[in-house]
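The values are calculated or read from the model by the stated rules, or taken from the named source; none is laboratory data. Remember, it's a predicted structure, so these values are computed and weren't measured experimentally. Positions of Cβ are generated from backbone atoms using ideal geometry, with glycine treated the same way; all protein chains shown enter the neighbour counts.
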Amino acid sequence: METRVRDESVRRRRECNDCAFRFTTLERVYNSKLMVEKRNGKLEQFSDAKLTRSIEIACAKRYLPVGAIEEIVDDIHERAFNNGRERIESGVIGQMVLNRLVSLDHVAYMRFASVYKDFDDIDRFTAEVSSLEQRTSQESRLQGALLPSLTSTSNGGPARRN
């Protein structure tokens, strides 16, 4: 077994005794004192499992990169703990998830947003879709502006790159 210690985690490279398959485990020590303040004022302990489940529901049947959900949860957990507070509002966590999902998968973003933002009618839902479409088209224009334009050569074809 090979062990590497990083910050507050231990990464271990292990091997199955039965089939000799090698795999990696990541062990972390979390401060379990972080509390989440719900919209109604109720406090509950931060739960990676609960956050993972809610993101998995939004991402159900979507093709995402392997480990994307775990990466989101780990990032949010780390940022919440590194903030040094003992309490975090559920709205802050929800917004952090939305910020990650918008660049990952628009359908998952809308699914999560519909629950997080508590859409109570179709107008709010369509307004969010329109907002997402505007943001996406604006990002596409910005990315297109960063790409080199292909100028045509004297023969009418695209310019060649050397």
*asked:* Kindly evaluate Ser90 against the criterion of being in contact (Cβ under 8 Å) with a residue 24 or more places away in the chain and in contact with a Phe, Trp or Tyr (Cβ under 8 Å, 6 or more places away or on another chain).
replied: no
*asked:* Please go through the stretch 39-52 and give me each residue that is surrounded by 11 or more Cβ atoms within 10 Å (Cβ to Cβ) and over 13 Å from the mean Cα position of the chain (by Cα), ordered by number.
replied: Glu44, Phe46, Ser47, Asp48, Lys50
*Residue list for the stretch 32-79, filter: in a loop (DSSP other than H, G, I, E, B) and either β-branched (Val, Ile, Thr) or out of contact with any helix residue (DSSP H, G or I) (no Cβ under 7 Å at 6 or more places or on another chain) (or both)*: Ser32, Lys33, Asn40, Gly41, Lys42, Ser47, Ala60, Lys61, Tyr63, Pro65, Val66, Gly67
*If you go through the stretch 83-110, how many residues are in a helix (DSSP H, G or I) and closer than 14 Å to Phe46 by Cα?*
5
*In this structure, is Phe119 of a type in the set (Phe, Trp, Tyr) and more than 20 Å from Lys50 (Cβ to Cβ)?*
yes
_Tyr63 aromatic (Phe, Trp, Tyr) and under 21 Å from Glu128 (Cβ atoms)_ = no
_Residue pairs meeting the criteria (Cβ under 6 Å; at least 6 apart or on separate chains; first assigned by TED's automatic domain parsing to the domain that holds Arg79, in the stretch 99-113; second assigned to a helix (DSSP H, G or I) and of a type in the set (Phe, Trp, Tyr))_ = Leu101/Tyr109; Leu101/Phe112; Val102/Tyr109
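Results for (1) among the basic types (Lys, Arg); (2) at pLDDT 65 or above; (3) assigned by TED's automatic domain parsing to the domain that holds Leu98; (4) assigned to a helix (DSSP H, G or I), shown as yes or no for each residue.
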| site | (1), (2), (3), (4) |
| --- | --- |
| Asp123 | no, yes, no, yes |
| Ser131 | no, yes, no, yes |
| Arg135 | yes, yes, no, yes |
| Glu139 | no, yes, no, yes |
| Pro148 | no, no, no, no |
| Asn155 | no, no, no, no |
| Asn162 | no, no, no, no |
